[in-house]
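> Pasting a structure here, questions to come.
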Amino acid sequence: RELQSRAANAAVPLWAECESQEGEYLHSRRGLLIAPIESDDPRLPIVRKRFRMLGRMMGRALREGFVLPVPLTVDFFHALRGDNMRYDALPHPGDGLAGEFLGACARFETAMRRREAEDGAVDRRKWAEAPDWSQHYFYPMEVSSHPFSVYASAANFTAYGASGTPLCLGGEDREVSVDNVAEFVQLAFEFWTGSGIQAQVDEIREGLREVVGRNVNVLWAFEAHELRHLLCGGEKVNWTSEELAEHVHLAGGFSKDTEVVVWLRELLVEMDHDKRARFLDFVTSCPRLPPEGVKGLSIIIQPLPGGPSLLPTSRACARTLNLPVYPSKEALATKLMTAILSSTGHHES
């Protein structure tokens with residue numbers, strides 16, 4: 001989780017900034033995007049070292065069969081494969097990433113090019129000054145209806161549209177307008193998917209090669225979404241009571257029919273996605289399922305002596321949940337949620 005630390009990222013910018021400044025860790029609905037950085041930025045050497053380390057981690061994950069606990073975007077793997085990228089690789093409105101106006105401009109530019117291809121010349125100014133421009137291009141964000149110019153008046157030629165690295169000489173002082181929005185989007189696209197991330201991508205590939213060797217080339221036979229699933233696990237935490245009963249290992253006298261174990265299965269099925277992810281993080285230090293699902297978790301549940309006043313504990317390196325015997329399902333639910341919602345990272349109790 002240190003790779004997602006907001007404070008660490010402020011000092012060594014690995015990932016794109018998030019719109020929300022709340023919480024200890026970076027989080028967006030889409031996942032983490034590589035933060036573009038200039039080749040002469042004094043922070044680049046340490047950034048490169050961190051991405052080399054990430055590449056080694058990815059190699060070990062592949063070799064040893066564990067899931068990388070970092071929510072990477074599909075576009076991260078497109079860049080790693082060297083795929084041709086599209087404008088939708090930029091920050092999207094609604095993702096929670098800084099630069100959402102840039103994403104809205106990219107959508108607008110894509111729509112204008114499509115109209116020009118279909119209808120010939122298009123009056124871009126007319127479309128840009130539509131009172132509901134924001135409703136079309138900031139979707140699914142809930143924003144008031146405003147024309148393009150209202151947002152453009154606060155934007156400039158920088159990486160995030162209002163802050164970050166200048167995209168051209170004097171970019172921080174150059175305003176975005178309907179006349180230059182195409183240039184703005186293209187310069188940003190080249191920086192976000194090319195020159196601004198090439199050094200980082202090269203380091204990831206080299207780190208992978210150090211661990212996997214020449215076999216690393218086999219990875220490029222997989223599509224970007226397949227690599228994400230292989231390395232980062234399933235995006236959704238889905239399981240059934242039957243899967244849990246079959247694949248969760250029990251020890252210390254627990255059996256599938258032990259009352260507290262039955263209650264635990266019921267609670268895990270009833271949990272929403274976020275709470276399931278927190279449970280996985282508590283027990284395994286990774287909030288996602290491995291590619292093979294519950295079967296690949298290898299979680300062990302065993303009794304914790306000491307009585308029902310204790311909270312459950314975990315030993316993440318052994319994927320073990322130590323569970324007191326509680327007198328009711330309600331008591332189990334209260335103690336379990338207290339434990340998993342107040343704990344992060346590795347748990348070696």
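The values are calculated or read from the model by the stated rules, or taken from the named source; none is laboratory data. These numbers come from a predicted model, not from an experiment. Glycine gets a Cβ as well: all are built from the backbone with ideal geometry, and neighbour counts include every protein chain shown. In case anyone asks, the SASA skips ligands and DNA or RNA and just uses the protein heavy atoms, side chains included. Shrake-Rupley method; radii C 1.70, N 1.55, O 1.52, S 1.80 Å.
> Counting only protein heavy atoms and a 1.4 Å probe, tell me what percentage of the chain's accessible area is made up of carbon and sulfur.
51 percent
> Within straight cross-link reach of Lys329, meaning Cα distance under 22 Å, which lysines are found once same-chain residues fewer than 8 apart are removed?
Lys256, Lys275
> By how many degrees, between 0 and 90 and to the nearest 10, does the Cα long axis of helix 329-341 differ from the longest principal axis of the chain?
50 degrees
> Starting from 0.36 nm per residue, how many nanometres of slack lie between Asp119 and Ala8 once their C-alpha separation is accounted for?
Net length gain for the segment: 35.0 nm.
> For segment 1-102, with every protein chain kept in place, what is the accessible area per residue (1.4 Å probe, Å²)?
Result: 46 Å² of accessible area for each residue.
> What is the chain's relative contact order, in percent, from Cα pairs under 8 angstrom and six or more apart in sequence?
Averaging sequence separation for qualifying contacts and normalising by length gives 16 percent for the chain.
> Could you tell me the center-to-center distance, by alpha carbons, between segment 191-221 and segment 133-180 in angstrom?
Centre-to-centre (Cα) distance: 32 Å.
> Add -39500 (n - 2.57) for each DSSP H run of 4 or more in the chain, then divide by its residues: what number comes out at 222 nm, to the nearest 500 deg cm²/dmol?
Calculated mean residue ellipticity at 222 nm is -12500 deg cm²/dmol.
> Then there is this: Taking 8 Å as the Cα distance limit and 6 or more residues as the minimum spacing, I'd like the relative contact order of segment 116-265 as a percentage.
Computed over segment 116-265, the figure is 11 percent.
> Against the 2.2 N^0.38 Å scaling, with N counting residues, where does segment 28-174 land? I'd like the Cα-based Rg ratio to two decimal places.
1.26
> Show me the GluC sites (Glu not before Pro) within segment 141-232 that DSSP assigns to loop and that have at most 13 other Cβ atoms within 10 Å of their Cβ.
Glu142
> Another question, if that's okay. Give me the distance in nm between label points sitting 7 Å out from Cα along the Cα-to-Cβ direction at Cys317 and Thr110, one decimal.
Distance between the two pseudo-spin positions: 4.6 nm.
> Lys/Arg Cβ at +1, Asp/Glu Cβ at -1, dipole of the chain taken about the Cα centre: which of Ala188, Thr258, Leu90 is farthest positive-ward?
Of the options given, the answer is Thr258.
> Related question: Let me spell out the model: positive unit charges on the Cβ of Lys and Arg, negative unit charges on the Cβ of Asp and Glu, origin at the Cα centre of the chain. What dipole size does that give, in debye rounded to 20?
Computed about the Cα centre, the dipole is about 1220 debye.
> Taking 8 Å as the Cα distance limit and 6 or more residues as the minimum spacing, I'd like the relative contact order of segment 42-192 as a percentage.
16 percent
> According to the square roots a ≥ b ≥ c of the eigenvalues of the Cα gyration tensor, what is the shape class of segment 243-282, taking rounded for a/c under 1.5, prolate for a/b larger than b/c otherwise, and oblate for the remainder?
Prolate is the answer for segment 243-282, as a/c is 1.5 or above and a/b outweighs b/c.
> Quick one: Karplus J couplings for segment 69-83, per residue in order, coefficients 6.51, -1.76, 1.60, θ = phi - 60°, nearest Hz, x for Gly and Pro?
x, 9, x, 7, 7, 4, 5, 4, 7, 4, 5, 5, 7, x, 5
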